[in-house]
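Quick notes on the structure that follows.
The values are calculated or read from the model by the stated rules, or taken from the named source; none is laboratory data. Since we're looking at a predicted model, the values are computed, not measured. Don't worry about glycine lacking a Cβ; one is built from the backbone with ideal geometry, like all the others, and counts go over all protein chains shown. Areas reflect the complete protein model, heavy atoms only, side chains present, ligands, DNA and RNA absent. Shrake-Rupley method; radii C 1.70, N 1.55, O 1.52, S 1.80 Å.
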Amino acid sequence: MTTAVAGGEVRVRAFPLTAIGEVAFALVGVATVFGLRRVFVGGDWFGPLLLHVLAAHGTVALLRRRRVPALPALLLAAAVGVVVISWLHAGETTTFGLPTFDTIDALRSSMSDAFGQFSDVKAPTEPLDGFLVACAAAVWASAIAGDWAAFRADATVEAVLPAAALFGVAAVLGGDVDRIVVTGVWIAAVLAFVLVRRAERLGRVATWVGDHRARGPRTLVALGIGLALLATVVAAVVGPRLPGAEAEAVVSLTDLGDDDPGTRFTISPLIDIQARLVNQPDLELFTVRSDVRSYWRLTSLDKFDGARWTSNGSYGRADGGLDEGVPVASERITFDQEVRVSALAQIWLPAAYEPRAIQAAQDVRYDEVSGTLIVDTDIPSADGMAYAVRSALPQHDPAALATASTEIPEDVAELYLGLPEGFSPEVQSLATSVTAGSTSTYDAALRLQQFFRDNFTYELDVALEHSIGDMETFLFQVRAGYCEQFAGTYAAMARSIGIPSRVAVGFTPGVPDAEDPTLYHVRGEHAHAWPELYLGEYGWVAFEPTPGRGAPFAEQYTGVPEQQAQSGGGPNSATTTSTVPATPDPSPATSTPDQRIPNLPDELGADPGTGDAEPRPNPWPGRIAVAAGAVLAVAVLYVVAVLAVGAVRRWARRRRAGTPEAQVALAWEESLDAARRAGVGVRASATQSQAADEIAQRLPVVEAPIRELAATVEATAFAPVPPEPEAGAQALALADRVTHDTRSTMSAKERFRTRFDPRRLRPRG
């Protein structure tokens, strides 16, 4: 504390340890949220959760400082938490920021979806909305419970238990990401909070030398925080280097047994392409029965670290209808495929993009972000599996693609624009040069595609992989390679000029059966990779930079006819070209139900990209009306509540005043309250006569009744005999006059403010 002298009076101003403790407790919440980096990867999750921490701790601190009792404070804080969660996680369903029934449905649906995948995903995972809502609720609960324990019940250790529980869950479920840093930050924050609370308690109860209470707690805080930071740093640096630090845990909390979905480690399908093309050209990998030819896609790779393209999807169980990834504005051909896998030796399940439904005897999993189907975690590979898939193949119109929006959502930018630090400036400069003068993102994509098809040759016998150095060699020296180089280099160059991209891996259509032209035999020679670019409302659009390859039903926008490797031709075989109309026949989208696989969901039979649905009416007039009605209803209820509470309290107090003496005392108290509301205070040491003089001087309109009432109070207090029964009624009547006359001196605004002050709802002591 410090001292200040004013007029000879010494006033003590305490060292603000309570405020510092509040900040320290909020930092524990921040550190707890920071620990979730072991659980979430990609997406914007830290910012919203940080806002929840600040809002939650600020709310509970404000309510406590306003001396709101514990139970009302809990209810108010919970209500604020619901509103803030609604704003941040379902804002489009709120009306003027107020939660609606649609908000409740949206939050419940997102949490249901997330927890439905809880047992199917492995951390670190994408921050699904439901997971973030659950974490936000935990943050608010932790702040409310912890603040009550720390600052109302003075229980410091108990205050950090809710945060410790959330941090512990993240530690158990989280991946091996920055464990030491995350743990060190959290421990340092907790120790700092405990030290501040300890110092505050000592400052209240201990007697320091010379009563220097500020110096003692301040010294304790500074020394303690310094020691805590030193201990944390030493533990972080020395601990991992101690003998046995890298040994397996005696009891592993993250080894959950056979039912744990785990992380699937497998060879990248991009790396696997060359081996299939060179060593397995004639080996049949799977067959597809379909009325429509397509590229049979395995997966897409979204991360380029400078050495290789990889992916890290979150796969939920798939059965029946599949969630759509990115909405596509183009019309689509919807068709069914029957797939039988014989020698793929991988976990992926081939299907035309984008799969919309699946039916299989075994459990399968699906990641809608990448549009990838894989086998269940207890199945080593897809070999031997048979399944049915319904896909919706986009049919892009080039004129429409040329007008695609250039706006890139945050989640798309974060996942699909990343390049390693120090990415080749020469490659980026080449991409800029090739696409110079482009009139649209689509035009830039076509120019980049044509650059490869016009200036490079398809060649398997090259010693190139995916690194930046190999990319430079491919572009500036050999100018030859196979699909692996074309797709990966194209995608990296697109990212370097700001176009989101990824590398898709799969197979070209394969060879039709001699007796059944709808049955395709897919061999190793058909392994392929191609880039996909994000073009606004048209979603992920496939391009074909590899010479000698062309996707079915894509010539209308790529300008490349359908092409694939000639069956049985070996590593350097020529390609065959199928004649495909520029505008594909959409008849498969309107085929009769008996031509489809019977157990797939019927509701997916229609083309998801077409339809003449009536435009939805503008919802805002109705929302505004609902919001206005809600605000009006709340205002009316508040006015009624204040008037009712005031009337009931006045009646109850006068009813309890059963004797003339009590009625006179109550009349005097009501008169003083009326004067205070009019801005006239009375000294606590003043007698009734002196108080009446002060009030009459400031409020002449009440001079007569206040002086008469003061005389009655003094007579009642000092008279040798009790007052007459009618004296109490007369005193209350005088109090009513004082109340009425003081109100007449106030403006309408002042009368409204004093009459409906929220403090009038608080219980009176």
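Would you mind computing Rg(Cα) / (2.2 N^0.38 Å) for segment 413-534, counting N as its residues?
Taking N as the residue count of segment 413-534, the ratio is 1.17.
Check which residues have an amide H placed less than 5 Å from Ser438's amide H, if you skip close sequence neighbours.
Answer set, sorted by chain and number: none.
Arranged from highest to lowest average of other beta-carbon atoms within 10 Å per residue, in what order do the peptides 57-65, 76-84 appear? Please list the in-between numbers first.
Working: 57-65: 19.8, 76-84: 17.9.
By packing density, highest mean first, the sequence is 57-65, 76-84.
Considering only protein heavy atoms and a probe of 1.4 Å, how much of the accessible area of segment 365-506 is carbon and sulfur, as a whole percent?
Working: 2560 of 5290 Å².
Roughly 48 percent of what the probe reaches on segment 365-506 is carbon or sulfur.
Can you list residues from other chains, or at least 5 along the same chain, whose modelled amide H is less than 5 Å from the amide H of Gln395?
Correct list: Glu331, Arg332, Ile333.
Over segment 450-544, with the other protein chains present, what is the accessible area per residue in square angstrom, probe 1.4 angstrom? Numbers along the way, then the final one.
Numbers: 2720 Å² over 95 residues.
Value returned for segment 450-544: 29 Å² of accessible area per residue.
When the accessible area of segment 279-346 is split by element with a 1.4 Å probe, what percent falls to carbon and sulfur? Intermediate results must be reported in sequence, preceding the final value.
On the way: 1100 of 2800 Å².
For segment 279-346, the apolar C and S fraction of the accessible surface comes to 39 percent.
Which order do peptides 716-729, 151-164, 675-688 fall in by mean Cβ count within 10 Å, highest first? Mind dumping the intermediate values first?
Values: 716-729: 12.4, 151-164: 18.1, 675-688: 14.9.
Ranked by mean Cβ neighbours within 10 Å, highest first: 151-164, 675-688, 716-729.
Round to a whole number: what % of the accessible area of segment 15-78 belongs to carbon and sulfur, probe 1.4 Å? Walk me through the intermediate numbers first.
Working: 2120 of 2860 Å².
Result for segment 15-78: 74 percent of the exposed heavy-atom area is carbon or sulfur.
³J(HN,Hα) across segment 732-748 via Karplus (A = 6.51, B = -1.76, C = 1.60, θ = phi - 60°), whole Hz, x for Gly/Pro?
Working through the residues one at a time gives 5, 5, 5, 5, 4, 5, 4, 4, 5, 5, 5, 5, 5, 7, 9, 6, 4 Hz.
Would you please put 743-751, 23-31 in order of how densely packed they are, using the mean number of other Cβ atoms within 10 angstrom per residue and starting with the highest?
The most tightly packed comes first, giving 23-31, 743-751.
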